[in-house]
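Just below is one structure, and these are the notes that go with it.
The values are calculated or read from the model by the stated rules, or taken from the named source; none is laboratory data. None of the values given here were measured: they were computed from a predicted structure. Note: ideal-geometry Cβ built from the backbone for every residue, glycine included; neighbour counts use all protein chains shown. Protein only, heavy atoms only, side chains kept; ligands, DNA and RNA dropped before computing areas. Shrake-Rupley method; radii C 1.70, N 1.55, O 1.52, S 1.80 Å.
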Amino acid sequence: QVQLVESGGGLVQAGGSLRLSCAASGSIFSFGATAWYRQAPGKQRELVALINSIGSTTYVESVKGRFTISRDNAKNTMYLQMNSLKPEDTAVYYCKARHSGDDYWGQGTQVTVSS
């Protein structure tokens, strides 16, 4: 079974940057769409950014121009570069990947942005 592990979360001041990583265990050579979601306390989980297998990207309006999603297929790793962070970005961030018709989720990593 595929396992996804996020890293790179933490506490940062408003205006700062973080880079989240999501690594798949084992030797997984191909993925379909991969995405980052986030969930704040008491709120619904929302799609933040998505990149499909041919490199097409989609972002939620609130992060456009600030966040960049990317992936390295050879390393079975994807990333979320977050710049100009705002307190409203505070949430648990989760990665998701589609592989062989199934969706896999990471355990989540906390991002906290102080004002």
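Could you grab the pairs with beta carbons closer than 8 Å, sequence gap of 6+ or different chains, first residue in the stretch 39-66 and under 13 Å from M82 (Cα atoms), second one surrounded by 12 or more Cβ atoms within 10 Å (Cβ to Cβ) and among the basic types (K, R)?
Within 8 Å, the pairs are V48/R38.
Taking S21, is it free of Cβ contacts under 8 Å to residues at least 60 places away in the same chain and open to solvent by less than 50 Å² (accessible area, probe 1.4 Å)?
Details: free of Cβ contacts under 8 Å to residues at least 60 places away in the same chain: yes; open to solvent by less than 50 Å² (accessible area, probe 1.4 Å): yes.
Yes: the conditions hold for S21.
Would you mind stating whether F31 is aromatic (F, W, Y), under 20 Å from Q1 (Cβ atoms) and in contact with a strand residue (DSSP E or B) (Cβ under 8 Å, 6 or more places away or on another chain)? Break it down into steps so the answer makes sense when it comes.
Working: aromatic (F, W, Y): yes; under 20 Å from Q1 (Cβ atoms): yes; in contact with a strand residue (DSSP E or B) (Cβ under 8 Å, 6 or more places away or on another chain): yes.
So F31 passes the test.
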